[in-house]
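Below is one structure, written out as structure tokens; the observations come after it.
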Amino acid sequence: MRTGYLVFEIRRALRDSKFLVFAVALPVGLFLLLTNVFGVATRHAAVPYVMGSLAAFGAFKAALDTGARTAVERGAGWQRQLRLTPLTGAGYLAAKASVAMLVALPPVAGVSLVAALVSGVELPVTGWLQAVLGIWAGTVPFALLGLLIGQVASAQGVQTYQGGILLLLSFVGGLFIPVSDFPGALASVAELLPSYWLAEIGHGAATGGGRLGQAVAVLALYTLALGGAVVARYRRDSARR
């Protein structure tokens, strides 16, 4: 039953072509805008850095949006119906998180491909693996955060939750403005956010440095905390019905 439901969710996600196209087009468009219109392309060393930021942004936004859609399902009574089937709560949440991760991969690949073909970014094989697969793997806590939003927010209010959290993670996390340009206090706040550390994986791939081990540790802690919160909230909802 778990495998069948996962296949069903994957097919449903792939049928939503508009969402998938937008998930790739937005970060790719922002990358081209930042590296050409605003003159970053004239500073060639900065282009791979921007690639890391926008790949991270595209990945976590897609995962967050996909997970948060469960709010609509809750409002429509879909979760309540699934609880009457042999599908376990763990199977349901795992399928949703898996689909969120699946949707997160195309934005990372899209930004990286455009960076290589259009902007001439060159990285060693290990750098590309870290920039693409590393960022993608680091998106797990954002898929869980999306599920948590979907479990907490109503169908009518989910966009407010999504928008506020997206702005916080993107701008305060330093994905559009380097954290080195932040005032001291705000820079400290930025380093508390998972988006900062997801982008750090991409930045490290681009510069050959970075704090990969620390980024992995921070994102792993977020994964454990958010995973526990999602399970607890789902069980709470199940107990009330």
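The values are calculated or read from the model by the stated rules, or taken from the named source; none is laboratory data. Owing to the predicted nature of the structure, the values given are computational and were not obtained by experimental measurement. Here the Cβ is made from the backbone with ideal geometry for all residues, glycine too, and neighbour counts use every protein chain on show. Accessible surface areas use protein heavy atoms only, side chains included; no ligands, DNA or RNA. Shrake-Rupley method; radii C 1.70, N 1.55, O 1.52, S 1.80 Å.
Couple of notes before you dig in:
- Selection from segment 48-98 of residues that are closer than 28 Å to Ile201 by Cα, of a type in the set (S, T, N, Q) and crowded, with 18+ Cβ neighbours inside 10 Å: Ser53, Thr66
- Taking the criterion of being open to solvent by less than 30 Å² (accessible area, probe 1.4 Å) and hydrophobic (A, V, I, L, M, F, W, C), the residues of segment 146-167 that qualify are Leu147, Ile149, Ala153, Val158.
- Among the conditions (1) without any contact (Cβ under 8 Å) to a residue 60 or more places away in the chain; (2) farther than 21 Å from Tyr196 by Cβ; (3) buried (at least 19 other Cβ atoms within 10 Å of the Cβ), Val108 misses just one, which is (2).
- Here Gly228 clears all of (1) under 19 Å from the mean Cα position of the chain (by Cα); (2) open to solvent by 70 Å² or more (accessible area, probe 1.4 Å); (3) without any contact (Cβ under 8 Å) to a residue 12 or more places away in the chain except the condition numbered (2).
- Which listed residue, of Ala97, Ala71, Ala115, is touching a helix residue (DSSP H, G or I) at 6+ places or on another chain (Cβ under 7 Å), over 23 Å from Gly4 (Cα atoms), part of a helix (DSSP H, G or I) and of a type in the set (A, V, I, L, M): Ala115
- Exactly one residue out of Val132, Val218, Val189 is over 19 Å from Leu54 (Cα atoms), assigned to a helix (DSSP H, G or I) and open to solvent by less than 50 Å² (accessible area, probe 1.4 Å): that is Val218.
- Scanning segment 170-186 for residues that are touching a residue at least 12 places away in the same chain (Cβ under 8 Å), over 24 Å from Ser119 (Cα atoms) and open to solvent by 10 Å² or more (accessible area, probe 1.4 Å) returns Val172, Leu186.
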